[in-house]
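To start, the structure under review is shown below, and the notes come after it.
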Amino acid sequence: MKKLLTILCLVLISTSFVFAQGGNEKTTVAQKSNEPVTIDLWYGAAVTEAGPVPSDWVGYQIIKDKLNIDLKLTALPSNDADQDVKIQAAGAANNLPDLFMVSRKVLTNLVKQGLVANVDSYYAQMPNRTAIQYDADSMKQSTINGHSYGFASPGSIAKNEGLLIRKDWLDKLGLAVPTTADEFFAVCKAFTTQDPDGNGKNDTYGFGGYVEVDATLRGYPGSRFFPIMGAFGVDGLWSFDSATAGLNIYKPEFYDFMVYLKKMCDEGVIDPNWLSYKKDDFRAAWKQGKFGIMKEQNAAFAASSNYAPFDKNFPEGSWVICDPFKGPNGDASIGAFDMNFRIYAVSTTADKAGKGDAIARLLEWMSSEEGYFLLGWGVEGVNFVKDTNGIPVAGDLGDKAFTGSIGQTVTQLRNMVFYNGDTELASRYPTYITATSGKEMSALKVLREMQSKTWTNNVGAGTMPTANADVKRFYEQSLAEFLTGKTALTQANWAKFITEFNNVGGKTWNDQGVAYMKENNLI
Amino acid sequence: MKENLAIQNNKSSRLWKEIVRHKSVYLLLAIPFTYYIIFKYIPIWNAQIAFKEYWAVQGVNKSPWIGLTNFKTFISSYYFWPLIRNTIMYSVGKLIISLPLSIILSIAIYECTRPGLRKTVQTLAYLPHFLSWVIMYGILLALLSPGDGIVNDVIKYFGGKPIDFLSNTKAFPWVVLFSDAWKEMGWSAIIFIAALMGIDVSLFEAATVEGANSWQRIKYITLPAIRPVIVTVLLLKLGTILNAGFNQIFMLYSPQVYSVADIIDTWVYRQGLLEFEFGLATAVGLFKGVIGMALIMISNKLVSKMSEGSSLF
Amino acid sequence: MNQKTKTLRPVVQNKKVKLTSSDKVFNYLVNTFMVLTFLIIFIPVWSTITLSFRPNDYIGTNLEGMFLPFWRWSTDAYKALLGNNGFISAFLNSIKILIGGVASSLFLTIPLAYCLSIKTLPGRKFLNYTIVIPYVFNVGIIPVYLLIVAVGLVNKLPSVYLPGAISTYNCIIMRQFFEGIPGELKESAKIDGCSEIQILFKIILPLSKAIVMTIGLYYAVTFWNDFFNAMLYLNDSYLQPLPILLRNILMASGMNEYVEVNAFGNAPISAIKAASVFLSAIPMLMAYPFIQKYFTKGTLLGSVKG
């Protein structure tokens, strides 16, 4: 036993020495003028599953040589809630990194605590980047109490989703694309009962969806259901229309929408797993032909790696993008859209330590031609080649290409430089021929078509005040209980719900929202 | 008077003698005790933020006091009583279902007469413990989803109507309790098996001599032998009765079952952690601690009255 | 293990024991329970195993998927995970955390449990309270985070295991077992002039192999599966352990914008998730049979007088 103890002791001591490395000393003051400035950057990885940026990435050397910056990268967790917890915990210990990606809600909290720096003066130091990325909407996103506290880079392109319907199923049953809510219901019913895939089994549904993680803040039950909500004019959480400004839930049409959706559930024309699905389950389900109508994102639908499984299972299958159908009052909308941004904030510590110049330099370089291509696609000849139009493509570079497993790790920072420019879209969404059915598909064409439909303009919804957690729970719990039938959906119960909602704090939230809308000209 | 002093002196000198006699024990204790002070009691000192309005820039010591405001926020929450009710329902439910099952499993493994069956079950039983709740959600979905879950396929085959277990407020608590039992049964049994392995051979010899059958053997030898471990486990679990399994509920719940699924920890996660209300989060932690401590002390007193050697203190 | 009846329970060798009918009923019930347990645990586990080997072009229900023949199984999910850039380094980090964690935990817990088991120790009650209080008062993440920053452990591997190095639960269970060791053994050692430390090593520990192994396993699994501490305290990518990698795969939330790129080749995402879970569980699964060797019957640990 003595031997065991000695071994344990040795292991313990050696582990604490050996594993005590790996720490970043936080340099608080930029040292002598020719020593590089250390910048800690916490970034949101583009594709977290692919793995972090390798330690021998060429970018490190280039940044050190050209900008005199020693860049230290940390990848944030892939889950939004985990990101928020990690950043807020670091904030609570006053241990925030120099530059980090953050959601607007957390940013608001950090501003209140005085942990992030006012960056109004930084924009002048990066004119090129500001011109490319920071337009008026971006500035609104990062402005709190009249000052900018972060840099809001463009996120996913707006209006990139659409209402898709199985064309082959429509043709088989001799139906037309629905244009009204009644027709939509009829088509859903037909898809459920008339075996549109012809396999003799009663295993298909009309509509499929899932409840997203942030569904309540966008408008419960979430953007998968916006086309249906849009038919009643209640898509989105807030109504920015001057006549009905406020939460959409107060509109009488919202009740009609609930009745309609409940009817879909009761008659079984919607995939009953919609309440339990998470994003990946939903996507797997349409690839297996479970339902015939859905709202999906352009690349999630049409990109080669995503469409391929569906194509293999159903070579005869095809989807068509349809216009939103009209509700009883003639409203129609694919959904409520807002501009999407990713905010990068600077900690007060870094600002006080004088790292502001270095940070501005770094960001400006990222948006330069060199930085744009390096962060976005990698090294030319190694990770990408340019085709005849100058668009970066994978060519035959295999794994090292920016679409391959190794290439993806060196482009994890692309979120910091992409701005949905034409080069990017052409590169991300090339035209290709499907493997099994030989169709020509292009996520770019799909995107343009989706963007051309009718949408409700909800720009600015991302900056609206959020509710207290209890109010939020009451809102989503009550709506969910109506839909599952736990509470009967009657006018009387609905009125009770609204009254109780106001009591819990819903009215306060609504008033705050309307006031904010007026102040910021969102109506 | 002098006698009293003498007696007192004797007592304190006896105490001192005991301390000196045990000086090598205190030496052994030094390092773990220091660890405790650093890693457990400094955070408790930091937990004073429960009574403060926490400002990160000012730190723990300089943030302003606000007394019981954080506690009031918690207690006056619209959902306070449902949270408490759900938390206790799950904690007690798990004690009632999981604990007996793992004890029965450990005895069954101990008494099983077929080594092949025993080894298979022993190896398989603790495998579910390693499945995180993220993957458990997938398993439960495959089993219980209304559209194509295996259980619902069976129900439909017999002509019944499929049940959405994960969205049904009546079914959800059972899903939580049984999935937890399924996952932890084998793992919790390990400690009981270790206890069973330590039973003195002579006890069983005596039992055979007296002609005891299997049931009597369980009643008079096996169960009493592991009783101290059972009592200890029970006492410890009572102390954390207000922790009802955050990871499980967090992965499994959804708005339609909030009324029966939301527990204290998930509420604190949304209201405290995600909102930068760390004083509130810490206050709830202290609240749970006070109740847990009270429960431990009460049940410990009961236990020490009933039998020596099983109490925590 | 007894040859004649083959139970874990010791059976007297030389006497021929006649099984009464109630004994037979008992054995029957025990075996039935074991078989039921086997089925209940095996079926969902099997469904997950088959899920991890499911090919990308499988259409059908989950139930049918469980019976998919071997030749249709695809190892794409496992290949994708093992080929993942971060996987090997994450695995090694987890091993480092495991070794450091179990070593420190046992180093700290064993003396503590032993000292608490000494009934004549003055201040024993006070010490017991001292270790129970932090267990009951779980103060949340920020008080601990502040401490970790203060001692400078942020972004270092020990920050994952040191906060949990002594688990009160494990300590008290171990104390329980130490208390069960007959006092005569300790007395005779004391008469021979041994100090407590020597008693601990020469007498107590050799008898406590099973409990030390069990508690070591408990600690091992806790550290191996920990993602929360790693997520909070570790920043450098090359320090990330396996659970972080897996959680990033399993819980990538939101409409991931770059969905046009598939990090995982051909395997369906559900297979990836299932495969990742098994890959992370395998080291621990391999450890248990190894530890079982120490669970020999009749060792004089924790024996309670009848």
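The values are calculated or read from the model by the stated rules, or taken from the named source; none is laboratory data. Please read these numbers as outputs of a predicted model, since none were measured by experiment. Don't worry about glycine lacking a Cβ; one is built from the backbone with ideal geometry, like all the others, and counts go over all protein chains shown.
Just give me the residues in the stretch B:154-164 being more than 9 Å from chain A (Cβ to nearest Cβ) and under 17 Å from B:Gln256 (Cα atoms), in sequence order.
Correct list: B:Ile163 only.
Of everything in the stretch B:171-195, what is at the interface with another protein chain (Cβ under 9 Å from one of its Cβ atoms) and under 18 Å from the mean Cα position of the chain (by Cα)? Give them in sequence order.
Within the stretch B:171-195, B:Trp182, B:Met185, B:Gly186, B:Trp187, B:Ile190, B:Ile191 qualify.
Within the stretch C:61-97, how many residues are in a helix (DSSP H, G or I) and surrounded by fewer than 22 Cβ atoms within 10 Å (Cβ to Cβ)?
Residues flagged as in a helix (DSSP H, G or I) and surrounded by fewer than 22 Cβ atoms within 10 Å (Cβ to Cβ) within the stretch C:61-97 amount to 20.
Looking for whichever is of a type in the set (A, V, I, L, M, F, W, C) and either touching a Phe, Trp or Tyr at 6+ places or on another chain (Cβ under 7 Å) or closer than 30 Å to C:Ile282 by Cα (or both) here; the options are C:Ile118, C:Ile95. Which one fits?
Criteria check complete, one pass: C:Ile95.
Return the total of residues in the stretch B:86-101 being within 14 Å of chain C (Cβ to nearest Cβ) and buried (at least 23 other Cβ atoms within 10 Å of the Cβ).
Residues flagged as within 14 Å of chain C (Cβ to nearest Cβ) and buried (at least 23 other Cβ atoms within 10 Å of the Cβ) within the stretch B:86-101 amount to 1.
Can you find a residue that is assigned to a helix (DSSP H, G or I) and at positive phi anywhere in the stretch A:482-489?
Taking every residue of the stretch A:482-489 in turn, none turns out to be assigned to a helix (DSSP H, G or I) and at positive phi.
Against the condition part of a loop (DSSP other than H, G, I, E, B), modelled with pLDDT under 85 and either facing chain C (nearest Cβ under 7 Å) or within 16 Å of C:Ile43 (Cα to Cα) (or both), how does B:Asp148 come out, does it pass?
Yes.
Are any of the residues in the stretch C:206-226 surrounded by 22 or more Cβ atoms within 10 Å (Cβ to Cβ), more than 28 Å from B:Phe192 (Cα to Cα) and out of contact with any Cys (no Cβ under 6 Å at 6 or more places or on another chain)?
Taking every residue of the stretch C:206-226 in turn, none turns out to be surrounded by 22 or more Cβ atoms within 10 Å (Cβ to Cβ), more than 28 Å from B:Phe192 (Cα to Cα) and out of contact with any Cys (no Cβ under 6 Å at 6 or more places or on another chain).
Answer yes or no as to whether C:Val45 is within 10 Å of chain B (Cβ to nearest Cβ), over 24 Å from C:Tyr169 (Cα atoms), in a helix (DSSP H, G or I) and in contact with a helix residue (DSSP H, G or I) (Cβ under 7 Å, 6 or more places away or on another chain).
Against the criterion (within 10 Å of chain B (Cβ to nearest Cβ), over 24 Å from C:Tyr169 (Cα atoms), in a helix (DSSP H, G or I) and in contact with a helix residue (DSSP H, G or I) (Cβ under 7 Å, 6 or more places away or on another chain)), C:Val45 qualifies.
All but one of (1) of a type outside the set (A, V, I, L, M, F, W, C); (2) modelled with pLDDT of 90 or more; (3) over 19 Å from A:Asp241 (Cβ atoms) hold for A:Thr454, so report the exception by its number.
Here A:Thr454 meets the rest and fails (3).
Before we move on, is B:Ile199 at the interface with another protein chain (Cβ under 9 Å from one of its Cβ atoms), in a loop (DSSP other than H, G, I, E, B), more than 14 Å from B:Leu99 (Cα to Cα) and over 15 Å from the mean Cα position of the chain (by Cα)?
Answer is yes for this residue.
Return the pairs, sorted by first residue and then second, in which the second residue is β-branched (Val, Ile, Thr), the first residue lies in the stretch A:183-210 and is within 11 Å of another protein chain (Cβ to nearest Cβ), the beta carbons are less than 6 Å apart, and the residues are 6+ apart or on different chains.
Qualifying pairs under 6 Å: A:Asp197/A:Thr204; A:Tyr205/A:Thr192.
Taking the stretch C:226-267 as the search range and keeping residues that are at the interface with chain A (Cβ under 7 Å from one of its Cβ atoms), assigned to a loop (DSSP other than H, G, I, E, B) and within 19 Å of B:Met136 (Cβ to Cβ), which one is modelled with the lowest pLDDT?
Looking at residues that are at the interface with chain A (Cβ under 7 Å from one of its Cβ atoms), assigned to a loop (DSSP other than H, G, I, E, B) and within 19 Å of B:Met136 (Cβ to Cβ), I get C:Ser253.
A quick yes/no check of all residues on (1) crowded, with 22+ Cβ neighbours inside 10 Å; (2) within 27 Å of A:Arg414 (Cβ to Cβ):
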{"site": "A:Pro328", "(1), (2)": "no, no"}
{"site": "A:Asp331", "(1), (2)": "no, no"}
{"site": "A:Ile343", "(1), (2)": "yes, yes"}
{"site": "A:Asp351", "(1), (2)": "no, yes"}
{"site": "A:Gly354", "(1), (2)": "no, no"}
{"site": "A:Ala358", "(1), (2)": "yes, yes"}
{"site": "A:Leu363", "(1), (2)": "yes, yes"}
{"site": "A:Ser368", "(1), (2)": "no, yes"}
{"site": "A:Trp377", "(1), (2)": "yes, yes"}
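Restricting to the stretch A:388-444, and then to whatever is over 29 Å from A:Val102 (Cα atoms) and among the charged types (D, E, K, R), can you tell me which residue is surrounded by the most Cβ atoms within 10 Å (Cβ to Cβ)?
Per the criteria, the residue is A:Lys400.
Need at least 3 residues that are more than 17 Å from A:Ile39 (Cβ to Cβ) and not assigned by TED's automatic domain parsing to the domain that holds A:Gly150 per element, so show me which helices (runs of 4 or more DSSP H) inside the stretch A:344-424 make the cut, counting only ones lying wholly within it.
Result: A:405-410.
Looking only at the stretch A:330-389, count every residue that is in contact with a Gly (Cβ under 7 Å, 6 or more places away or on another chain), of a type outside the set (Asp, Glu) and closer than 30 Å to A:Asn457 by Cα and tell me the total.
Number satisfying all stated conditions: 11.
Just to be sure before I move on: is C:Ala90 at the interface with chain B (Cβ under 9 Å from one of its Cβ atoms), touching a residue at least 12 places away in the same chain (Cβ under 8 Å) and small (Gly, Ala, Ser) in the structure I sent?
no
Consider C:Gly101 against the criteria (1) closer than 30 Å to C:Ile43 by Cα; (2) buried (at least 21 other Cβ atoms within 10 Å of the Cβ); (3) not charged (D, E, K, R): it satisfies all of them except one. Which criterion is unmet?
Among (1) closer than 30 Å to C:Ile43 by Cα; (2) buried (at least 21 other Cβ atoms within 10 Å of the Cβ); (3) not charged (D, E, K, R), the lone unmet condition for C:Gly101 is (1).
The rows are residues; the columns are (1) over 21 Å from C:Ile173 (Cβ atoms); (2) touching an Asp or Glu at 6+ places or on another chain (Cβ under 7 Å); (3) not in a helix (DSSP H, G or I).
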position	(1), (2), (3)
B:Gly272	yes, no, no
B:Phe276	yes, no, yes
B:Leu280	yes, no, no
B:Val284	yes, no, no
B:Ile291	yes, no, no
B:Leu302	no, no, no
B:Leu312	no, no, yes
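Show the residue pairs meeting these rules: Cβ distance below 8 Å; 6+ apart or different chains; first residue within the stretch B:165-180 and under 21 Å from B:Ser132 (Cβ atoms); second residue charged (D, E, K, R).
Between residues of the stretch B:165-180 that are under 21 Å from B:Ser132 (Cβ atoms) and residues that are charged (D, E, K, R), the close pairs are B:Leu177/B:Lys94; B:Asp180/B:Lys94.
Does the stretch A:122-133 contain any residue that is within 14 Å of chain B (Cβ to nearest Cβ) and in contact (Cβ under 8 Å) with a residue 24 or more places away in the chain?
no
Checking the structure you have, find out if any residue of the stretch A:236-244 is farther than 21 Å from A:Lys496 by Cα, outside any helix (DSSP H, G or I) and modelled with pLDDT under 90.
Yes, there is a match, as at least one residue in the stretch A:236-244 is farther than 21 Å from A:Lys496 by Cα, outside any helix (DSSP H, G or I) and modelled with pLDDT under 90.
Which of the residues that make up the stretch A:273-324 are aromatic (Phe, Trp, Tyr) and assigned to a loop (DSSP other than H, G, I, E, B)?
Of everything in the stretch A:273-324, those that are aromatic (Phe, Trp, Tyr) and assigned to a loop (DSSP other than H, G, I, E, B) turn out to be A:Tyr277, A:Phe314.
Filter the stretch C:2-24 down to residues that are at the interface with another protein chain (Cβ under 7 Å from one of its Cβ atoms) and at pLDDT below 60 and give me whichever is nearest to the chain's Cα centre (by Cα).
My answer is C:Thr5.
More than 7 Å from every other protein chain (Cβ to nearest Cβ), at pLDDT below 90, crowded, with 18+ Cβ neighbours inside 10 Å and under 19 Å from the mean Cα position of the chain (by Cα), is that true of B:Ala244?
yes
Yes/no matrix, rows are residues, columns are (1) modelled with pLDDT of 95 or more; (2) small (Gly, Ala, Ser); (3) assigned to a helix (DSSP H, G or I); (4) over 30 Å from B:Phe178 (Cα atoms):
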{"site": "B:Ile37", "(1), (2), (3), (4)": "no, no, yes, yes"}
{"site": "B:Asn46", "(1), (2), (3), (4)": "no, no, yes, yes"}
{"site": "B:Trp55", "(1), (2), (3), (4)": "no, no, no, yes"}
{"site": "B:Asn61", "(1), (2), (3), (4)": "no, no, yes, yes"}
{"site": "B:Ser77", "(1), (2), (3), (4)": "no, yes, no, no"}
{"site": "B:Lys94", "(1), (2), (3), (4)": "no, no, yes, no"}
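Out of the residues in the stretch A:110-145 that are assigned to a loop (DSSP other than H, G, I, E, B) and over 21 Å from B:Phe276 (Cβ atoms), state the one that is farthest from the chain's Cα centre (by Cα).
By that ranking, first place goes to A:Met126.
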